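The values are calculated or read from the model by the stated rules, or taken from the named source; none is laboratory data. Please read all numbers here as calculations on a predicted model, not as lab measurements. When we count neighbours, we look across all protein chains shown, and the Cβ atoms used for this are built from the backbone with ideal geometry, even at glycine. These accessible areas exclude ligands, DNA and RNA; they are computed on the full protein's heavy atoms, side chains included. Shrake-Rupley method; radii C 1.70, N 1.55, O 1.52, S 1.80 Å.
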Amino acid sequence: MNLFAFTSPTPFGPFSVALDESGAVVATALGPRAALRRRLRTGDTLHAAPPAAGAALRRQLAAYVAGRRTEFDLPLAPRGTAFQQAVWTALREIPAGETRTYAEIAARIGRPKAARAVGRANATNPICLLIPCHRVIGADGSLTGFAFGEHVKRRLLAHEARFAPAATATSVSAAK
């Protein structure tokens with residue numbers, strides 16, 4: 001598949017994006033283009049995105065970084081199984097400033113015994129940040145795995161906690 005890529009700076013590190021020909025986000029990475037490449041399928045070809053490509057994403061990303069936006073409203077095209085798609089849809093329902101456990105996501109999608117499979121689907125989420133896999137934590141409240149490092153996950157959660165409209169008791173402390 002021909003994809004168009006660009007990288008934008010953020011306080012969390014470079015944010016790399018791959019768009020399909022319709023402009024939908026196929027993959028993202030908190031890292032350079034090489035990190036993005038690892039999140040794509042064999043056979044995908046990356047081209048430099050034209051300047052106008054991703055303009056809405058760049059605006060929404062800047063607003064997120066500035067604390068004026070906590071969610072993204074963009075066309076997404078993550079590629080995965082039906083189970084993965086269900087998990088990724090559930091992740092998008094987690095409000096900024098809040099977290100959920102793998103077991104809570106499993107229950108949400110009607111598969112209460114599938115917490116480990118939810119963890120795997122979370123780990124294979126190709127569109128980090130926009131599909132907020134960083135909002136999922138361990139049952140004990142620990143900041144379990146994140147492809148770009150626990151320190152980045154902690155910073156994203158702390159950032160969102162500062163700007164979320166109404167963080168609740170299910171919010172995670174940045175100190176955990």
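Key figures for this structure:
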{"item": "Listing of strands (runs of 3 or more DSSP E) fully contained in segment 1-114 that carry 3 or more residues being in contact (Cβ under 8 Å) with a residue 24 or more places away in the chain and buried (at least 17 other Cβ atoms within 10 Å of the Cβ)", "result": "2-8, 15-19, 25-30"}
{"item": "Within segment 120-129, considering residues that are open to solvent by 20 Å² or more (accessible area, probe 1.4 Å) and of a type outside the set (S, T, N, Q), the one farthest from ALA164 (Cα to Cα)", "result": "ARG120"}
{"item": "Residues within segment 152-176 that are at pLDDT below 50 and open to solvent by less than 70 Å² (accessible area, probe 1.4 Å), tallied", "result": "7"}
{"item": "Test: residue in segment 125-142 that is hydroxyl-bearing (Ser, Thr, Tyr), part of a loop (DSSP other than H, G, I, E, B) and under 18 Å from TRP88 (Cα atoms)", "result": "no"}
